[in-house]
Structures are given as C-alpha cells and as structure tokens.
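Undergrad: My structure is below; once you've seen it, I'll send some questions.
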Amino acid sequence: RSVVEKLTEDPSMPRDEQLFTQSKKIIEINSSDMLVSSKGIVTEMYHRDVSIKGNDTKIIEGVVADETGKLPFTSWLPLNGVDIGSFISFKAAQVRLFRGIPSLNFTNETSWEILPKDQSPFSKMDLISDESTSVPISSVLEKDGIFDVVVTGNIISVRPGSGIIERCPVCNRVIQNNICRAHGNVTGIKDMRIKAILDDGTGAVYIMLNKELSEIVYGKSMEEAENIMKASLSKDAVYESMKRFLIGNYLTVRGNSSKSEFGTTIVARSAWLPEDALLSRLECLLQKLPEDS
C-alpha cells in the first residue's frame, strides 16, 4: 500500500554529498548503518565467479581490518592495484547483515583509493597475523554479531546435543531416528560436535565446535568416541564422557558471534588451550587483590 514517487534530483546537492557518510572505525560499523566510510588494510582477498540472471560475473571477496576489528567485504567493482596488505580508504559502502554480522558491499556508488602505507596508524603484520588477543565476553554480548572474535574462559556446561550425532545427507540438519524435518526418512551421516557454555567472569556465551575441533578439545577421535558408545550400549555415553572431561577446562575460541532469542553463540573456527594460562591468571588475580590483604 506504499506510494512511491520518483522526484527530480536536487542539482544543488551533488550526488557524492548525498552519499556522504561519517567515517567510522571497523568495530563501530553495525546493523543501524546503511552506507559507511572507513579505512583499513586488506588482510584476505580472492576472486570468485558468480552467475546473476544467467550472466557470469567476477566479484572480489575478502576481509578489511583496522586496529579495532575486521569485516568481510564483497566488491562488485574491479579493485585494480589492491592486494593483500594494501591500505585502502572507501566511502559509501553498503552494509549488509548475515546472522547479525555486518559485511561491506562495494558497489557503483562506492568510491575507494589506495593510501600510502606510511599513513597507516596500525601495523600490517599485526592485522595479517593469525594471533589475536582475547576480548572480554561482556563486550561480545553487547553486539548483535562480531566477525572473527577471540574469547577465553572456562567451560561451565556441556549442552545436550553434544557427542555423536547424525546429519541429513541432503541439508546437513541434525536428525533423530533417521527422520529429517525437511526430507523425511533418510540414512543419516555420523558426525561429532561439542555444544558448550564458556564463561570468563564478565559473561557467558554458547560455543559450537565441529568434528575436527571437537576431536582436538575432547582428545579423542570420532572413531574412539564411537567405540565408547558401542561398549556402553548407550547413545549418551559420549555426551557424559565429554561432560566429565571438559567441564572446568580453560579454553580459547576464535570464530564469528551472532545473537538470537536464545543468547549469543560463537561458531568456532579454531580452538586451543592457552599456554601458561594458569600462571598468568594467578598473577592477574593477585594484582587485583588489595595490597593489605
């Protein structure tokens, strides 16, 4: 029932001014933004062919980062001269959301330029490095979604649905009794996962670990886990074993966070036990104690 009327463009306001947006740091870009301007270093970049209405189009995908965070981008423009490590500035990039995580779209309305590397206030090597500093979980809970975030805390709960599961061979959904909600009776494919709650004292998030990460954190392969289940004649044996082994462990998780009505979840891309975590945490706690205690 909306009425849409095309108006004559106001010649007193140039088009680039109509698209003007205040420059933001990467971490400040959120779901309320439509067009944004920022600058950062390209840390990942690759080309991909897509088909749109039967026409093949080449797009560029990657990640741009500054000292505050990272965001994925998709460019429908040829970024001539841009490569991994390039320091770029862009204006009027569209912001799109996927599971609460913002991403940048470079379109015909977007302008960009390569800046001299000596103008960058942050180190290229720090941004490209795989190493990253953990942030308090409370800061993750404040946002609808964060791309590539690292948190560290204790596993305080292993949730039902962890252990050996079966997935639909068509849609990859978890199935029960060989029944998929979308495809009916199917022959399931075995898989293993960990669903847990990680707490660092400032807050708690759900974490999801796939088979590869579950094998690393749990310390048993899926084949070994299946043998546990067969020996006990119980499908919950692996879940109970995971609870005994994992609860209380200190863990660092890296991945994308998203918020839903059930809470904030981080789908892990990597996970590891922090080195010397106990000693560093003890030193941190001692520093917080009053001097007269």
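The values are calculated or read from the model by the stated rules, or taken from the named source; none is laboratory data. Values in this document were obtained by computation on a predicted structure and should not be read as measured data. As a convention, Cβ positions derive from the backbone with ideal geometry for all residues, glycine included, and neighbour counts pool all protein chains shown. The area values use the complete protein model at the heavy-atom level, side chains included, leaving out ligands, DNA and RNA. Shrake-Rupley method; radii C 1.70, N 1.55, O 1.52, S 1.80 Å.
Undergrad: Taking the Cβ of R48 as the center, what net charge do the other residues with Cβ under 10 Å away carry, scoring Lys and Arg +1 and Asp and Glu -1?
TA: -1
Undergrad: Where only protein heavy atoms count, and the probe is 1.4 Å, what is the accessible area per residue for the chain in Å²?
TA: So the chain comes to 62 Å² accessible per residue, rounded to a whole number.
Undergrad: Take the chain, connect every pair of alpha-carbon atoms lying under 10 Å apart with a spring to form a Gaussian network, then pick out the residue of D118, D236, D144 with the largest mean-square fluctuation.
TA: Per the Cα network of the chain with a 10 Å cutoff, D118 tops the list.
Undergrad: If you plug each phi of segment 184-198 into the Karplus form 6.51 cos²θ - 1.76 cosθ + 1.60 with θ = phi - 60°, what whole-Hz ³J(HN,Hα) values come out, in order, with x for Gly and Pro?
TA: In residue order, the calculated couplings are x, 6, 9, 8, x, 10, 5, 8, 9, 8, 10, 10, 9, 10, 10 Hz.
Undergrad: Can you pull the one-decimal nm distance between simple spin-label points at D236 and T8, each 7 Å off the Cα toward Cβ?
TA: Distance between the two pseudo-spin positions: 7.5 nm.
Undergrad: Moving on to the next point. Report the Stokes-Einstein translational diffusion coefficient (µm² s⁻¹, integer) for segment 136-293, Rh taken as the Kirkwood radius over Cα pairs, at 20 °C with viscosity 1.002 mPa s.
TA: So the translational diffusion coefficient is about 125 µm²/s.
Undergrad: I'd like the GluC sites (Glu not before Pro) in segment 208-293 restricted to DSSP loop residues with at most 16 other Cβ atoms within 10 Å, sorted by number.
TA: E261, E275, E291
Undergrad: At a Cα cut-off below 18 Å, give the lysines reachable from K211, other chains included and same-chain residues fewer than 8 away excluded.
TA: Reachable lysines: K190, K195, K220, K235, K243.
Undergrad: Further question: Below 14 angstrom from the Cβ of V238, what's the summed charge of the other residues (Lys, Arg +1; Asp, Glu -1)?
TA: With Lys, Arg at +1 and Asp, Glu at -1, the net is +2.
Undergrad: Under 18 Å from a point placed 7 Å out from the Cα of N154 along the Cα-to-Cβ direction: which residues of segment 190-212 have their backbone N that close?
TA: 196-207
Undergrad: Out of all DSSP beta bridges in segment 47-198, what portion is antiparallel? Express it as a percent rounded to 5.
TA: Of the beta bridges lying entirely in segment 47-198, close to 90 percent run antiparallel.
Undergrad: I would also like to ask the following. Would you mind getting the Kirkwood hydrodynamic radius of segment 167-235 from its Cα pairs, rounded to one decimal in Å?
TA: In segment 167-235 this quantity evaluates to 14.0 Å.
Undergrad: Using the Kirkwood formula on the Cα atoms of segment 210-293, what hydrodynamic radius do you get, in angstrom to one decimal?
TA: Value: 15.8 Å, from the Cα pair sum.
Undergrad: Right, another one. Counting C-alpha atoms alone, how compact is segment 43-127: give Rg to one decimal and Dmax as a whole number, in angstrom.
TA: Rg and Dmax of segment 43-127, Cα atoms, are 13.5, 44 Å.
Undergrad: Write down Rg/Rh for segment 33-189, rounded to two decimals, with Rg from the C-alpha atoms and Rh from the Kirkwood relation over Cα pairs.
TA: Using Cα coordinates only, the ratio equals 1.07.
Undergrad: Taking the mean number of other Cβ atoms within 10 Å as a proxy for protection, how do you rank 246-253, 80-87, 45-52 from highest to lowest?
TA: Packing proxy ranking, top to bottom: 246-253, 80-87, 45-52.
Undergrad: Considering every Cα-Cα pair within the chain, what fraction, in whole percent, is farther apart than 33 Å?
TA: More than 33 Å apart: 41 percent of the Cα pairs in the chain.
Undergrad: Now a separate question. Run down the lysines and flag those whose C-alpha is under 27 Å from the C-alpha of K53, throwing out any fewer than 8 positions away in its chain.
TA: Output for K53: K6.
Undergrad: Amide H neighbours of S162 under 5 Å, at least 5 residues apart or on other chains, H built in the peptide plane: list them.
TA: Distant-sequence amide H within range of S162: K195.
Undergrad: Which pairs break 21 Å Cα to Cα here: K39/K70; K259/K288; K25/K117; K39/K117?
TA: In this structure, K259/K288 lie more than 21 Å apart at Cα.
Undergrad: A follow-up question, please. Under a point-charge model restricted to the Cβ atoms of Lys and Arg (+1) and Asp and Glu (-1), what is the dipole moment magnitude of segment 33-142 relative to its Cα centre, in debye to the nearest 20?
TA: My answer is approximately 340 debye.
Undergrad: Using a Förster distance of 25 angstrom, determine the FRET efficiency expected from the C-beta separation of W76 and D191, and round it to 0.05.
TA: 0.10
Undergrad: Still on this structure, please answer the following. Output wanted: per-residue J couplings in Hz (rounded whole) for segment 112-120, from phi through Karplus 6.51 cos²θ - 1.76 cosθ + 1.60, θ = phi - 60°, x for Gly and Pro.
TA: Working through the residues one at a time gives 8, 7, 8, 9, x, 4, 6, 8, 6 Hz.
Undergrad: Okay, next question. How much of the DSSP beta bridge set in the chain is antiparallel, as a percent to the nearest 5?
TA: Percent antiparallel among DSSP bridges in the chain is about 90.
Undergrad: If you don't mind, there's one more thing I want to ask. Step through the residues of segment 78-88 one at a time and calculate ³J(HN,Hα) from phi using the Karplus curve (6.51 cos²θ - 1.76 cosθ + 1.60, θ = phi - 60°), rounding each to whole Hz and writing x for Gly and Pro.
TA: Karplus-based 3J(HN,Hα) across segment 78-88 equals x, 9, 4, x, 8, 8, 4, x, 6, 9, 10 Hz.
Undergrad: Same structure again: I'd like the trypsin sites (Lys or Arg not before Pro) in segment 152-235 restricted to DSSP loop residues with at most 15 other Cβ atoms within 10 Å, sorted by number.
TA: R173, R181, K235
Undergrad: Given points 7 Å out from each Cα along the Cα-Cβ axis, report the N55 to E283 separation in nanometres with one decimal.
TA: 6.0 nm
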